[in-house]
Every structure is written in structure tokens, then in C-alpha cells.
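The values are calculated or read from the model by the stated rules, or taken from the named source; none is laboratory data. As the structure is a prediction and not an experimental result, all values here were calculated from the model. Reconstructed Cβ throughout: ideal geometry from the backbone, glycine too, with neighbour counts over all protein chains shown. In case anyone asks, the SASA skips ligands and DNA or RNA and just uses the protein heavy atoms, side chains included. Shrake-Rupley method; radii C 1.70, N 1.55, O 1.52, S 1.80 Å.
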Amino acid sequence: MERASVIHKTASDQRPPPYWTDYEGERRAFSWELARHALQGLPGGGLNMGFEAVDRHATGALRDHIALRFVARQAPALDLSYSALARQTNRFANVLQGLGVGKGDRLFVLAGRIPELYVAVLGALKNGTVVTPLFSAFGPEPIATRINLGAGQVLVTTDVLYKRKVKQLREQMPSLRHVLLVAEDGGSTSEPGTLDLATLMRNASDEFSAVATQPDDPALLHFTSGTTGTPKGAQHVHGAVVTHYATGRYALDLHPEDRYWCTADPGWVTGTSYGIIAPLLHGVTSLIDREEFDAERWYSLLEQERISVWYTAPTAIRMLMKAGAALADQHRWPALRFVASVGEPLNPEAVWWGKEVLGLPIHDNWWQTETGGIMIANTPAFDIKPGSMGRPLPGIEACIVEHLEAEGEPPRVRLIDTPDVEGELALRSGWPSMFRGYLNNEARYRKCFDGDLYLTGDLAKRDADGYYWFVGRADDVIKSAGHLIGPFEVESVLMEHPAVAEAGVIGKPDPMVGEVVKAFVSLKDGYAPDEALRLDIMAHARKRLGAAVAPKEIAFLPTLPRTRSGKIMRRLLKARELGLPEGDTSTLEGGA
Ligand code: ATP
Ligand code: MG
């Protein structure tokens, strides 16, 4: 189907009226100083993320409003109001105080999406304790590595996860002073060397005044997804809450009456910044589903929970597309009004799928663990160009740069002003949620900067209207016969083919042309991976991309290797293709 290159906003996309419609005007009027005034600040001065997210609402008009709604297959739904959440997080902060754990100490949480995880994260923030949520699916080694790297003193986990993943390596985590266990059956635990969290909570007071943290005090330590190599620990501060607030408004259009669902796990940054902090800052009701992806369940949750704003990821959208139209046809989502996606490039096909199946286009946005919050986005304020990441939000200055190569020298770059020229995406430092360092890796951190420009490691281009287009990660770009080929462009064309569910493209070394393009493809249900189909997909790609850019080889795989945050791991496709070591696979989905 021939499709337009722009999706214009319609009246139904704009209900209720969004916070902003004047992109340039809002950017001009914006300052981070002003944005901070939307928050309360601590009574005695200072800024605390947990206080702003929870306590600020707990005595105001939203005190009885549902903050978090937990759902699971085998358990009844549990609603926590803002005031109940304030009391619970107060208790948890008092538990930490009672253990002598205070400001600047480090706490890790290893749990599924259970209420205790959210209470621990927010309570620790109120206590000034630095938090790292870990994916509950991590194996023992990745858990121990991260706790050791972060010198974690406290671990909150469940009895089952402790016995399965932590106990055997406990001796090898010398910094760990306290392990607080949640009994998965709802009772209490009596595991040697641990404390029962429910008992501690019962005995703690539910009154607490947030510790006086300052904007530059550390709040969260997040590990990157490990898509390109060993995950890095990015350090974030309490001041990041100003970005979370502003972006919740500009990129997600969160209103207190919204019922919001962020599908990301808190084990990666989206699940914390936008699965915990930003929605609470805006006083919305957030849905938290304990279960893993399931197309029927997700469609039903969107419908039955009357979700109005949905923040998800390309991998989930591709899986819904793969599940087929018949399943979608059994559902209606009249409450849904705004859909956004992050984590990977969102193929134009997926944006259109949103329009056609959900009745709403999907708003792609771009950011990284390092940026702490959304930087570039499709927003309610302007039309969507499918395939583009959108435009920089107010307060964010983005640019495209080229490197001036000098062996052994610190990075030096030059701005590329001409539209539509590819280069590295860079951001002018100064937004509040910018990371303040990679844990134990100062050299790596410094390499990310040229003066006040933060170099993102992603290649992109900007068009004449100021929209940014993702090309690929610098590491993934393919050099073939003098062309630079971005995997995203090739993958998006492959996705247009009706049989293709997912595509990952790599450069395969070739003596003649440097690298040839090789594609790995997984198919939608109902298609057989045979030679005729391979040739048909190849022909489609040639027609759309030309022979120089189209894949020379296409291999079928049942699924593509992905990180637990849902990103296609091209480095693994490449290592496997070339028979090379796989490197760090701690974040590989389905891995140990
Ligand atoms: P690692 O740094 O360990 O290799 P990672 O970069 O995947 O892992 P994250 O910080 O979780 O870790 O992901 C950020 C990256 O994800 C971005 O740098 C970009 O490459 C990709 N990304 C995120 N959103 C988008 C988007 N909307 N379009 C294209 N790419 C995106
Ligand atoms: Mg990265």
C-alpha cells in the first residue's frame, strides 16, 4: 500500500487538548529553572525524587487517587492510593534507617514487578539511598557482578529468587550487609543470613520526612542494556526528576485522569523513569502487570483496564503485529488516546500498524540510559513522519556531528549543519537527568564528551523540518563498496514484506567490498521459510533499496537474539555468523 510520508494530527488524537501545540514557542519559553518550579522541593530546601513522586500528592487533592494498580494472572488486583504509597514507602525508609542504611548507601532490588519492588525503590529514594533495580530474570553471575560493581549494601529480593540465584554466591558479595526477603507466598521467611521484609515493615513507623537530598546527589544507578557490549553502570541524580516531569508532560501528555501503562520492566531505565517516577509525578494511575508479554493478554489489559496512555517498545509492537489482525479484531480500545514507543528504531510499518489497528499512530521517541529521560520525541504538538524519532523536546539541544579523526587524541567533532547528512547524534549538556558518570569507568565517561557536547554513539540525520532520523548505532553501521549502510533502513524495508515479522541486519566481512549486507529474518505466523520466500523477500528489498544496499544474503531464524529490554542484538548475530566469541550475554533474553 502506498502510504503518506506524514501523519497529520486529527481531532481524535488531540482529546483532551494536549499540554502544548506550539513547538517553537514552547521551546523558546522553556528553561530548566522554570520547569523545576512545577515541583515542590523539600520543605527545608533540596530536591528529592521520591518526595516529588509520592509525598507531594499524599496530603493533597490526589491523596485517595490510585497511584499504582498491580495485576497478575494468579492474584487479585491490588490498588495503592497515593497516601497508601506514601505510608508504605515511609515504612520502608524507616526500615533502612533502622538498619543504619542512609544517604548515599546503595540498595539493589531483584524482583518481578511486585508491589514491594516499587515501595523499596521509592522508599530508598526518600531515604537518600541510591537504588538499582535488576531484572528478575538475570542469572546468579550477572546479579553478583552488578552488586559487586556497585558495592551494594542492601538487597531486596524474594525468598524464591534468593534461594535460586543469590545464596550460592553470597560469599562472593562482600559489600552486601543486609538481604531483605519478600515471601512469595505472602507469608514470612526464615532464611539464615536474611531478614523478613514483611516483619520489618510491620514494626516500622509509617511516618517519615524525606532526607534532604540536593539536585546533584546520586539517586539511581542503571545498567545499560548490553546491546553493544558489556553493560555500563550509569549514575543518575535526584535532579533528574525535573526531566522526568517535563518529559512526562511533553512526550507522554500525562494528565492526572489518565490510566497509564508503561510495559517496560524497572530492570532497565524506561521501567524506572517512566514506569515509576514520571507517572507518579503527574498523579496518574499506573498499571503494572506482573506477567510477561502475551498478545491476547495485552490487548485485553488495554481494553479492560481502560488504558488511555500507553508507553511500549518496538519489540512488543512487532510481536502484536506478528500475532495477526484476527486477534486484534476481537478488541476495542475507546479509552486509548496516546501511544508512544522507545528502545529501538520504530519501523514506519509499525507506526502505520498503530494507526490502522489501534486507531492511533505510535509516537516513537529516543533516549538512552545515559540521558535518563526522553530527549527526542514525536509529541502531541506536531505531525508524525513515520520512521522519524521526532524532534528535540524543550530544553534539549540536539545536533549532528562528524569526527575529526586523530589517533590517541580526545574526541573532537564538527557540527554538520546541512540537512539530511548522516553523522553522530550529539546533545548539548545541561539537562538535569544527564548521567554523571559510568561506574568505575571515568575514562569511558570522558570519551563521551567533546567540550559540552555529549556524543551518543548513535548515527542519525536531521531533515530540513528539524526531525531526526535514526540510521544505526555507530558500531552497527555497514561499510560496503564505499557506501555507509544503516541497518535500520534495510530492516524497515524488509519489514514491509507481508511475511516478515522481524529483521536484523549485519555487515559480513567480504574481501571484495569490505562488508556485504546480510539479513536475519523471522517470519509471521503462517509463513514457511523456503527458497521461494527467500527470493521473494530478496526481490522486494532489491526493488526498494537497489542492489548496492539490499541484502546479499537472507537467513531465516525462528526468533532473533534480543536483550531482556527487547533490543535485537546485532553483535550476537554477527559473532555467530563469524564463529567469534559471543562476549557479554548477561542481558540476553532466554540466557542464564
Ligand atoms: P549498551 O549501551 O550496553 O550497548 P543500549 O545502548 O541498548 O546498550 P540503552 O541505554 O538501554 O542501552 O539503549 C539506548 C539505545 O537504544 C540508544 O542509544 C539507541 O541506539 C537505541 N534506541 C532507543 N530508542 C530508540 C529509538 N526511538 N530509535 C532508535 N534507536 C533507539
Ligand atoms: Mg548504549
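Here is a list of conditions, (1) away from ligand 1 (no atom under 12 Å from the Cβ); (2) in the same structural domain as P558 (by TED's automatic domain parsing), and F449 meets all of them except one; can you say which number that is?
(2)
I'm trying to understand the selection: among the residues of the range 327-386, which are out of contact with any strand residue (DSSP E or B) (no Cβ under 8 Å at 6 or more places or on another chain) and within 11 Å of ligand 1 (Cβ to nearest atom)?
G343, N347
Residues G590, G583, G566: which one is open to solvent by less than 20 Å² (accessible area, probe 1.4 Å), under 28 Å from the mean Cα position of the chain (by Cα) and modelled with pLDDT under 95? Show your work before the answer.
Details: G590 fails: open to solvent by less than 20 Å² (accessible area, probe 1.4 Å); G583 fails: open to solvent by less than 20 Å² (accessible area, probe 1.4 Å).
Answer to the selection: G566.
Among the residues of the range 416-430, what is the count of those that are of a type in the set (G, A, S) and in contact with a Lys or Arg (Cβ under 9 Å, 6 or more places away or on another chain)?
Residues that pass the stated criteria total 1.
Of everything in the range 266-291 that's among the small types (G, A, S) and at pLDDT 95 or above, which residue is nearest to L68 (Cα to Cα)? Even if it seems obvious, please write down each step before you answer.
Going residue by residue through the range 266-291, those that are among the small types (G, A, S) are 267, 271, 273, 275, 278, 283, 286.
Now narrow it down to the ones that are at pLDDT 95 or above: 271, 273, 275, 278, 283, 286.
Details: G271: 13, S273: 15, G275: 10, A278: 12, G283: 10, S286: 5 Å.
Among them, the one singled out is S286.
So, of the residues in the range 116-139 that are touching a helix residue (DSSP H, G or I) at 6+ places or on another chain (Cβ under 9 Å) and modelled with pLDDT under 95, which turns out to be farthest from D79 (Cα to Cα)?
G139
Among the listed residues R249, R290, R259, which satisfies the condition of being in contact (Cβ under 8 Å) with a residue 60 or more places away in the chain, among the basic types (K, R), touching a His at 6+ places or on another chain (Cβ under 8 Å) and surrounded by fewer than 24 Cβ atoms within 10 Å (Cβ to Cβ)?
Working: R290 fails: touching a His at 6+ places or on another chain (Cβ under 8 Å); R259 fails: touching a His at 6+ places or on another chain (Cβ under 8 Å).
Answer to the check: R249.
So if I check each of T189, T230, which one is within 16 Å of ligand 2 (Cβ to nearest atom) and part of a loop (DSSP other than H, G, I, E, B)? First the steps, then the outcome.
Values: T189 fails: within 16 Å of ligand 2 (Cβ to nearest atom).
Sole residue among the options that is within 16 Å of ligand 2 (Cβ to nearest atom) and part of a loop (DSSP other than H, G, I, E, B): T230.
Consider V131 carefully, then state whether it is closer than 20 Å to A204 by Cα, in the same structural domain as V179 (by TED's automatic domain parsing) and buried (at least 18 other Cβ atoms within 10 Å of the Cβ). Talk me through it step by step, then tell me what you get.
Values: closer than 20 Å to A204 by Cα: no; in the same structural domain as V179 (by TED's automatic domain parsing): yes; buried (at least 18 other Cβ atoms within 10 Å of the Cβ): yes.
No.
Identify all residues within the range 175-194 that are free of Cβ contacts under 8 Å to residues at least 24 places away in the same chain and under 32 Å from the mean Cα position of the chain (by Cα); write none if there are none.
So in the range 175-194, the residues free of Cβ contacts under 8 Å to residues at least 24 places away in the same chain come out as 185-188, 190, 192-193.
Answer for the range 175-194, where residues must be free of Cβ contacts under 8 Å to residues at least 24 places away in the same chain and under 32 Å from the mean Cα position of the chain (by Cα): D185, G186.
Restricting attention to the range 1-21, which residues are of a type in the set (D, E) and either at positive phi or open to solvent by 90 Å² or more (accessible area, probe 1.4 Å) (or both)?
Here is the first cut: in the range 1-21, the residues of a type in the set (D, E) are 2, 13.
Answer for the range 1-21, where residues must be of a type in the set (D, E) and either at positive phi or open to solvent by 90 Å² or more (accessible area, probe 1.4 Å) (or both): just E2.
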